[in-house]
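Everything on this sheet refers to the single structure shown next.
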C-alpha cells in the first residue's frame with residue numbers, strides 16, 4: 001500500500017497508525033519510511049487500542065491542510081484517494097467514499113450494513129447533524145483544522161474501541177458542514193482477514209448517545225452473558241407458556257415429580273443433539289453464539305412442551321412447569337459449556 005500510494009502521490013504525506021500489531025507491520029513501515037521523508041509511522045499506546053482511537057490520533061497528528069483515512073488492505077483502492085482529495089480541494093469540509101457496488105455484497109452483510117447505516121442516520125437526524133449515504137464508511141477525508149478540533153474536544157465521547165470513526169465525527173460536526181459523497185469501487189482484500197464480528201452492532205449502538213448505550217448494555221447482557229442468555233431463553237419460554245395458558249384458559253396442577261424427571265432427561269438429550277447440529281457449524285462469536293444458545297434453549301423448551309402436552313394432556317401443570325424446569329437445567333448446563341469453550 002505504501003509503495004502504491006507513494007507512486008501515485010509522491011508529494012503526499014503518508015502516516016501509518018500501528019495499533020501494536022504482531023505481524024511486523026511497524027517494522028515494514030519503518031523500513032519503508034527510512035528512505036522517504038514523507039512517510040511516518042506511529043506505534044500507539046497499548047492502553048488506548050482501537051481502530052477509531054487510531055484514526056483520531058492520526059487525524060490529530062496531521063500536519064497538512066487535509067487528510068484521508070483509508071485501510072491498508074486495498075479494499076479502499078489507492079487510485080480512489082484522488083477523488084476524495086479533489087472533493088476537498090473544491091471547498092468541501094468532508095468527503096466520504098461511498099461504494100458503488102453494494103449490490104454485490106453477501107445478503108446478510110448487505111442487510112447488516114443497511115441496518116447499521118439507518119440506525120446511524122436516524123440518530124444523526126435526531127441530533128440535527130449532517131449525514132451521508134454511508135455513515136459507516138471507513139474511507140473518508142476532511143479539512144484538518146476542523147476535524148482536529150473535534151478529535152481533541154470530544155476525545156472522551158468517542159467509541160474509541162469501535163470501528164466507525166466517521167459516525168463519531170459526524171455527530172460533532174457543525175450543522176452547516178459541507179459534505180460530498182465520492183463513489184468508488186470496493187476492491188477485494190489483498191491480505192489479512194477482517195477483525196469485525198457480529199459484536200460491532202453493540203459498538204454502533206454505544207455511539208448513539210445514552211439511549212443507545214443502555215440498549216447495547218441490555219442486549220449484550222442478554223446475548224453474550226451466560227446468565228443473560230439463560231434469562232432471555234427463560235423469558236421467551238415463560239412468555240410463550242403464559243400466552244398459551246391465557247388463550248386456552250387452562251388451570252395449574254401440582255403433580256410434577258415424574259414428569260420433571262422425564263423432562264430433564266429429554267431436555268438434556270435434546271441439548272446434546274442440538275449442539276452437534278448447531279454449534280459445530282458456522283460462526284461462534286458474540287451475537288451469533290448468543291443467538292444460537294437462545295434458539296437451542298427455546299426450541300428445546302417447545303419440543304419438551306409438545307411431548308408433555310401429548311403425554312400428559314390432562315395435567316396442564318405437568319406440561320408447563322416440568323418442561324420449564326427440564327429446559328432450564330439443560331440450558332444452564334449448555335450455556336456453561338458453550339461459554340467455557342468459546
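Residue-by-condition table, conditions (1) in contact with a strand residue (DSSP E or B) (Cβ under 7 Å, 6 or more places away or on another chain); (2) modelled with pLDDT of 90 or more; (3) crowded, with 19+ Cβ neighbours inside 10 Å; (4) more than 14 Å from residue 209 (Cβ to Cβ):
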site: 127; (1), (2), (3), (4): no, no, no, no
site: 132; (1), (2), (3), (4): yes, no, yes, yes
site: 135; (1), (2), (3), (4): no, no, yes, yes
site: 139; (1), (2), (3), (4): yes, yes, yes, yes
site: 142; (1), (2), (3), (4): yes, yes, yes, yes
site: 150; (1), (2), (3), (4): no, yes, yes, yes
site: 155; (1), (2), (3), (4): no, no, no, yes
site: 160; (1), (2), (3), (4): no, no, yes, yes
site: 166; (1), (2), (3), (4): yes, yes, yes, yes
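Can you find, within segment 27-51, the residue that is nearest to residue 143 (Cα to Cα) among those that are in a helix (DSSP H, G or I) and at pLDDT below 90?
Let us first name the residues in segment 27-51 that are in a helix (DSSP H, G or I), namely 27-33, 46-48, 51.
Going one step further and asking which of them are at pLDDT below 90, we end up with 46-48, 51.
On the way: 46: 28, 47: 28, 48: 25, 51: 20 Å.
Among those that are in a helix (DSSP H, G or I) and at pLDDT below 90, it is 51.
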**Request:** Run residue 68 past the list (1) outside the structural domain of residue 135 (by TED's automatic domain parsing); (2) in contact with a strand residue (DSSP E or B) (Cβ under 7 Å, 6 or more places away or on another chain) and report the number of the one that doesn't hold.
**Result:** (1)
**Message:** Go through segment 22-60 and report how many residues are without any contact (Cβ under 8 Å) to a residue 60 or more places away in the chain, out of contact with any strand residue (DSSP E or B) (no Cβ under 7 Å at 6 or more places or on another chain) and within 18 Å of residue 162 (Cβ to Cβ).
**Reply:** 3
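The values are calculated or read from the model by the stated rules, or taken from the named source; none is laboratory data. Bear in mind that the values here come from a model prediction, so they are computed numbers and not experimental data. Don't worry about glycine lacking a Cβ; one is built from the backbone with ideal geometry, like all the others, and counts go over all protein chains shown.
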